[in-house]
Amino acid sequence: MINAVLVFNNTGQPRLTKFYSQIDVNLQQRLISEIFTLVANRPASACNFLPLPPLLQKTSSEALSDTDQPTRIIYRHYATLYFIIIADDLESELGLLDLIQVFVECLDRIFENVCELDLIFNFETLHQVLAEMIQGGGVVEVDRATIVESVRKAAKVTKRPQASLPDSATRSASPSGRSTPTHMAHRGSGVTGIGSNDFVWSGR
Amino acid sequence: MFEKSLYDLIRGLRAHKGNEKAYISQSLQECRNEARSNDMDIKCAAILKLIYLEMFGHSMAWASFHVLEVMSSQKFVQKRVGYLAAVQSFRLDTDVLMLATNLLKKDLSSPNQFELSLAINGLSHIVSPSLARDLTPDLIAKMNHSNPYIRKKAVLVMYKIFLQFPEALRTSFPRLRERLEDNDETVVSATVNVICELSRKNPKNYLPLAPQLFNLLTKSTNNWMTIKIIKLFSSLTPLEPRLVKKLVPPISNIIKTTTAMSLLYECINGLISGGLLTHLAGTSDGEDLALLCVGKLRGFLVEGDSNLKYVALLALTKMTKTHGYLVAAEKDVILKCIDDEDVSIGLRALELVVGMVDVEILQPVVGKLLRRLRSISSDNDISGEVEYDNNEVDEEDGEVELVKRETGPAKPTVSLPDDYKDGVIRRILEMCSKDTYANMPDFEWYIDVLVQLVRYCPGETKSSGGQSLDDEDFEEAYMAGGKVDVGEEIGRELRNVAVRVKTVRRQATEAAELLVGRSSTMFPVSGGGGKRALLAAAWIVGEYAEHLRNPNETIDSLLQSSNASLPADVVTTYVQAIPKVYSYLTSNDSIAWTPERKTTVSFLTNRVVEFLETLSSSPHLEVQERAVGFLEIFRLAKEAIAEQPANTNRIPDEEDGAMQEEYDPPLILTQAIPSLFHGFELNPVAPRAQRKVPVPDTLDLETPINPRLAFLLSSADYDAGVGDFDSTAAAADEEFEKFYYQKPVVVVETAAQRIDRAASNVSSGDKHGVTGSYQSGEDTYLDPDIVARRKAERRERNKDDPFYIGSTGASGRTTPNPLGGEHFDIDSIPIMKLDLGDGIGSEKGEGNVGTPVPRVKVEIAGDEGDGVDDGEDIEPVGVGSMRIKGKKGKGKNILNVDSSNLVGFSLEEPAEDLLAQEEDVAKAKKEVERLRGEIARAAERVRVPTVQPIVEAPPQAQAQPTEVAKKKKKKKAVEEGDDGEKKKVKKKKKKEGEQGTGDQAESIPVVKKKKKKRRSSTAEAGGDAGEDAG
């Protein structure tokens, strides 16, 4: 089971929070900040596995009885963003690393050279991509093409009745509405794109 | 008014950097208003903004009803926003959840696959037990959907359903099993995923699937699925050992052929954690396989990718249990990893290394680690460096270290986390102390390492701060898994060495001396960890004062007024150590009692008194008590010193000073105070040794020790007084003596005896016999009749008093009378001595609890830790406390999924369960029927308002014969089959439709609150019927 998927930037601003178990909003924020402090201090050369933050550490009694504990936090750092997955030991560490990679690649295909601003302004799309990959903590799809296609098709569905809709309601929802964010990116504060160069992945 | 879109909100947020708070609260307020809007577009935009803000921690729980409205929108775009909001914000206790059933049912039957997938995905987050129960049939149907896109999601959501409603597992399992044969790989993968999760809860349900899964394993090309299948098998193999043989060929085949590192690693991991290697251990197959694994893992370590290194170390750690020798063969690469830049890899490697250390590699490994620590904290220990450069630690591997030192600071040192330092130090201690120092080649080196480590201690943790832990507490904390401060841990090691290893006791003491001497510079008041190492250091300094390099300086540093600000338990040991060192300094009676000597000693005594005076008002009870106790002794000593003229041999206490030499120092210094501390040699004792001491049968803790305590006390005082004053009848300062003899009677009592004894035999050589005669001699001081009476009285009183007897045995004082109790006339000891035994003997008593060491000066047998008296349960403190590493008492697991429902849930329905279920179903149906009946009646009543008053209750309804009949009929119909029910429901719907209460077909749960409950239940029923029809 995957327990959570988090995306935040270099300053700890959340860009996507998805918890597959229901926890209180304040706890979510605490967890994010704890993980951020853990992750922010790591040198680039360090491995992509984090120790458990205090919030997630086992109590001795729980450790004995329960097997559903989150035991691994896997992260990847792309340009300005950290992608984090919290999972238990039924997931494969290296597999999840790949999963983050798949996620980012899909985003890159959808946004064409994705950058942080794309994700900020299209956070609903971000959620959609994630939902195509992970549902309720289980991985449903890892094929990039299928994921991208599903998201695009769903976007087309939204367009069919769109003729009668005012634009404002759909803009943020549909990936095609990203023209504005792109402008922002050009104008914006020098946010470096998560260029496709970063995606050269040795593969495992 | 112009409404902000999400886009505007985000831009606004970016524009208001610095005072986002105000902007957000303003926006939230706007959202509140907009969410109430009747315009669905505005409502939807508001919800979207709320989702965005929720990401930053602004709860949108209040908007759940609006979310539901948006979810039920006709437009896909809006519906999607609604579902996203539900996913992000709904909780099990969200009350609108029960209104969502119908909506979900409707969306689950949508012809649009995206709507359908939206509903399934939404459900996977918000499913509650009742939703699960109601929607299971729909989802089971969806598992056979024509589109694999839906099938995979439907399969996956089932796991969430099972978590909430385990019964669904029984009904849906056959279909789930079918999905393993699905022609779409992603569906199979999702199915495997679900079964994998389920199998961990109760693996035996899924053993029958083994052939199918095995088939998949051999054919699969999807690495994701293969990984899951391997994980699944590793939960099955413990139940079915025969699987092991079957699995080995395909898995080793994958290991040999795959190029995917993740799969390779998971195969190895599966072999290990599935117990396959354990099962095969010993067979040649098993050895080959293990060798193959280790070889691959070695490849990981060598390759240089830090992630691979990390996981390889994880796997190797697991392998040590079964194939330790194979892992040990990879020592070279593993040792390299200790030095890895990545601290998490370093720690992992260290964990492995701890299990592999032997005499040869211990020193190099520790040297490496120390260098690592040094580079971390190189800036703040320059002062210590000089001192230690000439010591063993550098001689051992001095060259390498020097090189390192030069390059060390040049490197951009990343500030390493404290817990890393903490972990490394603990590992070092664990490594060194393993098996009671079995691997320790050189103790002097170890002592130096310990001192070095104190400097590297991370800042103090709040958890174990100034709390004083006496042994009992410690044991408790130890049992509860509390974490001991790492500085204290180091101190403990130092003490362990000092006690256990006699040959380096001097070095250990000198090390402790160094720590105490430099405490003010080494441990600044703020920050700086390791302070608690002083706890043991101070103890060592006191206990082994004779080994001190410079006792004068040491007592100086012990007496520094800043010491009062140390943690309370440390101060306590200080208070205890001061008299010991003092006694060592002053008790030497071969030093002539010259005026200079007198001045020095009285100056020192004054300082001690001053120091103790400041502590005697300490807020910490323990500190205060000890300080006050010793303060009295030292005041006495001070008096005695003042009384004792230099260069004379006249002793105020003693008349018969014939044997005294010239210039004798006061006896309180040479005899009384030392007698407090010279006891049995302390031996290491297992932490639980106390428990092994059998409780004497006669021990009775219920009855008061002595009902006549008060009387005894006063008579004891009197007794003591008599004893003393008889012997010192001519002493001039009776008044003064009396003043002091009254309060700390206990101590002074001994002192007096000491003095007496010393007076009668000065040299320490002739202990035997003389004391005995002295004892009897004391009796002669008393009037014979009094003695006889008191003896008889006491014997009578204490006949059955175990405490009394025990005290003579355990008081362990240095009665230089080896014959102990028999010759020592216990009757002549006032009962007050009990306190004495407690106060002075406490440490020593504990030191000897395990075994009654009969002799004072016994060599500790085999000093390298073999000195543990306790035969079996050897558990040196240092090692024992390491066991608690890594555990933290606090921290609840928040991301936990409650899967307790599924644990041990069997697929086969137990018979009673079936019955119970049927009963439940029947009950539920009855309830539904009742409600329906009521609705129908209400409807009729509305139509014919004159027939029945509106205020009606079920009992009244029963009064109507027709109604009752109807009800019965209905029930029957329900039992007969769904068709009957359907019709009925439809009929009812019609009725309500006629009332004009709303469009049933739409069945939007958004209705006026008044009728909400009733309506939703009807709606549910309607939906049920609809589904069945469809």
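Here are a few things to note about the model shown:
- Which listed residue is surrounded by 15 or more Cβ atoms within 10 Å (Cβ to Cβ) and modelled with pLDDT under 75, from B:ASP733, B:ASP724: B:ASP724
- Counting only residues that are more than 8 Å from chain B (Cβ to nearest Cβ) and touching a Lys or Arg at 6+ places or on another chain (Cβ under 8 Å), the stretch A:135-155 holds 2 of them.
- B:ASP340 charged (D, E, K, R), surrounded by 21 or more Cβ atoms within 10 Å (Cβ to Cβ) and either under 27 Å from the mean Cα position of the chain (by Cα) or assigned by TED's automatic domain parsing to the domain that holds B:ALA281 (or both): yes
- Residues (within 14 Å of chain A (Cβ to nearest Cβ) and farther than 24 Å from B:ARG80 by Cβ) located in the stretch B:1-15: B:PHE2, B:ARG14, B:ALA15
A quick yes/no check of all residues on (1) within 8 Å of another protein chain (Cβ to nearest Cβ); (2) among the polar types (S, T, N, Q):
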site: B:GLN29; (1), (2): no, yes
site: B:ASN38; (1), (2): no, yes
site: B:CYS44; (1), (2): yes, no
site: B:LEU48; (1), (2): yes, no
site: B:ALA63; (1), (2): no, no
site: B:VAL70; (1), (2): no, no
site: B:VAL77; (1), (2): yes, no
site: B:ALA86; (1), (2): no, no
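- Yes/no for B:VAL570 being over 40 Å from the mean Cα position of the chain (by Cα), farther than 17 Å from B:THR670 by Cα and either of a type in the set (Val, Ile, Thr) or buried (at least 21 other Cβ atoms within 10 Å of the Cβ) (or both): no
- For B:ASP95: the one exception among (1) at pLDDT below 90; (2) surrounded by 15 or more Cβ atoms within 10 Å (Cβ to Cβ): (2)
- Of all the listed residues (B:LEU362, B:LEU373, B:LEU350, B:LEU369), the sole one being buried (at least 16 other Cβ atoms within 10 Å of the Cβ) and not assigned by TED's automatic domain parsing to the domain that holds B:ASN439 is B:LEU350.
- B:LEU612 vs. criteria of a type in the set (A, V, I, L, M, F, W, C), under 15 Å from B:ILE578 (Cβ atoms) and in contact (Cβ under 8 Å) with a residue 12 or more places away in the chain: yes
- Hits in the stretch B:669-716 - residues which are modelled with pLDDT under 75 and β-branched (Val, Ile, Thr): B:VAL685, B:ILE705
- Test: residue in the stretch A:25-46 that is surrounded by fewer than 16 Cβ atoms within 10 Å (Cβ to Cβ), within 9 Å of chain B (Cβ to nearest Cβ) and charged (D, E, K, R): no
- Comparison of B:ILE161, B:ILE195, B:ILE140 shows that the only residue that is under 41 Å from the mean Cα position of the chain (by Cα) and more than 20 Å from A:ALA131 (Cβ to Cβ) is B:ILE195.
- Helices (runs of 4 or more DSSP H) within the stretch B:6-118 that include 3 or more residues under 22 Å from A:SER21 (Cβ atoms) and either within 41 Å of the chain's Cα centre (by Cα) or charged (D, E, K, R) (or both): B:40-54, B:76-89
- Here B:THR171 clears all of (1) of a type outside the set (Gly, Ala, Ser); (2) over 26 Å from B:LEU217 (Cα atoms); (3) within 14 Å of chain A (Cβ to nearest Cβ); (4) more than 37 Å from the chain's Cα centre (by Cα) except the condition numbered (3).
- Filtering the stretch B:546-555 to residues that are part of a helix (DSSP H, G or I) and either surrounded by fewer than 23 Cβ atoms within 10 Å (Cβ to Cβ) or modelled with pLDDT under 85 (or both) leaves B:GLU546, B:HIS547, B:PRO551, B:ASN552, B:GLU553.
- Filter pass, A:LEU107 being within 12 Å of chain B (Cβ to nearest Cβ), outside any loop (DSSP other than H, G, I, E, B) and at pLDDT 50 or above: no
- Within the stretch B:227-255, considering residues that are more than 10 Å from chain A (Cβ to nearest Cβ) and β-branched (Val, Ile, Thr), the one nearest to B:SER273 (Cα to Cα): B:THR237
- Verdict on B:GLY270 being within 14 Å of chain A (Cβ to nearest Cβ), free of Cβ contacts under 8 Å to residues at least 60 places away in the same chain, within 26 Å of A:LEU97 (Cα to Cα) and surrounded by fewer than 17 Cβ atoms within 10 Å (Cβ to Cβ): no
- Scanning the stretch B:588-603 for residues that are crowded, with 22+ Cβ neighbours inside 10 Å and either under 24 Å from B:ILE540 (Cα atoms) or β-branched (Val, Ile, Thr) (or both) yields a count of 1.
- Checking each residue in the stretch B:94-121 for being among the charged types (D, E, K, R) and either in contact with a Lys or Arg (Cβ under 8 Å, 6 or more places away or on another chain) or at the interface with another protein chain (Cβ under 9 Å from one of its Cβ atoms) (or both) picks out B:ASP107, B:GLU115.
- Filtered residues of the stretch A:1-21 (kept if at the interface with chain B (Cβ under 9 Å from one of its Cβ atoms), closer than 25 Å to A:ASN122 by Cβ and of a type outside the set (Val, Ile, Thr)): A:ASN3, A:ALA4, A:GLN13, A:PRO14, A:ARG15, A:LEU16, A:LYS18, A:PHE19, A:TYR20
The values are calculated or read from the model by the stated rules, or taken from the named source; none is laboratory data. Just so you know, these numbers come straight off a predicted model, no measurement behind them. Backbone-built Cβ (ideal geometry, glycine too); neighbour counts: all protein chains shown.
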